[in-house]
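Beneath this line is the structure, given in structure tokens, with notes to follow.
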Amino acid sequence: MFYLLKYTKQLEHLKDWIVMIFPVLSMVLCMAFPAHIYEGFVIDFRRIPFILGILYGGHRFGFFLMALMLVIRSFSGGSGFHVALIIYPLLTILLSVLAKHYLQMAVKQRILLNVVLIPLLEAIFFIMVTKLLNINVPVYIQLSIVAINMGAMLIVMILWESVRKILDLLQALVKAEKLEVVSHLAASISHEVRNPLTVSRGFMQLLHEDIPANKRTDYLNIAVRELDRAVEIISDYLTYAKPEAKGSEQIDVYKEIHHAVKVITPLANMNTVQIDLQKLNHENVYVLGERKLFEQCLMNIFKNGVEAMPHGGTLEISLVYYYSTIQINIRDTGEGMTEKQIQRLGEPYFTTKEKGTGLGMMVSFNIINRMNGKMSVSSEQGKGTCFSIELPVVYK
């Protein structure tokens, strides 16, 4: 679980040394609770975390484990300390050399190496116990201990490598998702920008022909308007993409709503949409953010609301004050959305309109998040949609 948190960056402050605590704890607990085979002879699994800790953690961590093991062994007493004093420094040097090439090995090679290493170490251990301590361990006990250690090492290795493989797949999946988002955005931008550029190019080519002056002016106006639309699409993309804010200021919410309403009124009149401000309380409530971006957010939502009512309707705007927060509600009487469409709002390349990029809603969600606010959407098909923006108040 700690590896999972580390690799998926759910705990960004989790460092490598924290993960290395687990081999240490495992080795200490193995030594603290050994199995008593018979009088004067105990056995434990300390060599498994010791070996794996060095092979995966490197030589520096290996020498730390060796020092820790010898210190604990010296306090535990018994007659085998000088055996440990010979075996573990030599083993640490050997494993430190292997650790340089260990992670470049294939998984099967790593498992085979560890499973074979255990019986060799146990054989050396029993030879030294017999020669130096004059303790004759029965053969069936030696074989049992070797078999148990090999089985334990095999289980640990399979679990360890399985976790590493899963985490590699998770990282690959995260990268694939990021690339997919980028490809969607690139496709959206290229498609939407190409259309106005193509139109502008066509009308500019027509200017080479012998046409009346009034037609030339109309063609130029259309070309400029299409170029402005391309610039607007690119600006929306850049607003969504840039992570940092230029600077925050205190924004009068009531004033900005009225300003956005004035700008959107001609479009509303063209679509026979009535803007209802009866529930807009006249209160000087201030929030913190970038004024131009906040205006852009309101304009995007107002524009979407008006365009959702092609056959006319009412766009109701209300402002509710909750002392520490305010809530702006923008409700239309348009076609509404399904629950699935609501969940996808703000995603790249998703829009409910016939002509659109979906960048407007992405930008709006991003702006509100920057202002430490949140935006929720409720809708019912055939009855309309309500966008609710909740923002923290600086002062009233």
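The values are calculated or read from the model by the stated rules, or taken from the named source; none is laboratory data. Model, not experiment: these values are computed from the prediction. When we count neighbours, we look across all protein chains shown, and the Cβ atoms used for this are built from the backbone with ideal geometry, even at glycine. For accessibility, only protein heavy atoms count, side chains too; no ligands or nucleic acids. Shrake-Rupley method; radii C 1.70, N 1.55, O 1.52, S 1.80 Å.
Along the Cα-to-Cβ line of GLU339, 7 Å from the Cα, sits a label point; which residues in the stretch 362-396 have backbone N less than 15 Å from it? Label zone hits: 377-381. Taking only the C-alpha atoms of the stretch 23-123, the Rg (one decimal) and the largest Cα-Cα distance, Dmax (whole number), read 13.8, 44 Å. Built from the Cα atoms of the chain, the convex hull projects on average onto 31.4 nm², one quarter of its surface area.
Close amide-amide hydrogen proximity is noted between THR325 and VAL393, each under 5 Å apart and 5 or more residues distant or on a separate chain (H modeled in the peptide plane; Pro and chain starts excluded). Computed over protein heavy atoms with a 1.4 angstrom probe, the accessible surface ordering of TYR254, TYR321, largest first, is TYR321, TYR254.
For the pair HIS258 and GLN381, a Förster radius of 30 Å applied to the C-beta separation gives a FRET efficiency near 0.45, rounded to the nearest 0.05. Using the heavy atoms of the protein chains alone and a 1.4 angstrom probe, what is the accessible area of the chain per residue in square angstrom? Per-residue value: 59 Å². In the chain, a dipole from Cβ-located charges (positive for Lys and Arg, negative for Asp and Glu) runs towards its positive end, and of GLY313, MET20, SER144 it is SER144 whose Cα lies farthest in that direction. Using a probe of 1.4 Å on the protein chains alone, the accessible area found for HIS82 is around 80 Å². How would you classify the stretch 115-191 from its alpha-carbon gyration tensor, with a ≥ b ≥ c the square roots of the eigenvalues: rounded for a/c under 1.5, else prolate if a/b is greater than b/c, otherwise oblate? Because a/c hits 1.5 or more and a/b exceeds b/c, the stretch 115-191 counts as prolate.
If R0 equals 41 Å, the separation of the Cβ atoms of LYS165 and ASP44 corresponds to a calculated FRET efficiency of about 0.90. What separates the Cα centres of the stretch 115-131 and the stretch 306-348 is a distance of 74 Å. Of GLN171, GLN343, GLN296, which has the largest mean-square fluctuation in a 10 Å C-alpha GNM of the chain? It is GLN343.
Overall form of the stretch 60-100: oblate. Here a/c, set by the Cα gyration tensor axes a ≥ b ≥ c, is 1.5 or more, and a/b is not larger than b/c.
Legend: residue pairs LYS279/LYS374; LYS340/LYS374; LYS178/LYS340; LYS262/LYS374; LYS175/LYS292; LYS215/LYS262, Cα-Cα distance threshold 27 Å; pairs beyond threshold, LYS175/LYS292; LYS215/LYS262. Tell me, what % of the accessible area of the chain is carbon and sulfur with a 1.4 angstrom probe? In the chain, the share of accessible area belonging to carbon and sulfur is 61 percent. Decide, for the stretch 95-160, between rounded, prolate and oblate: order the square roots of the alpha carbon gyration tensor eigenvalues as a ≥ b ≥ c, take rounded if a/c falls under 1.5, and otherwise choose prolate if a/b is larger than b/c, else oblate. Cα axes put the stretch 95-160 in the oblate bin.
Helical runs assigned H by DSSP (4 residues or longer) give the chain a calculated mean residue ellipticity at 222 nm of -21500 deg cm²/dmol, each run adding -39500 (n - 2.57) before division by the residue total. Placing +1 on the Cβ of every Lys and Arg and -1 on the Cβ of every Asp and Glu, with no other charges, gives the chain a dipole of roughly 1240 debye about its Cα centre. Remark: accessible surface ordering of ARG344, ARG225, ARG47, ARG60 (largest first) is ARG60, ARG225, ARG344, ARG47, probe radius 1.4 Å.
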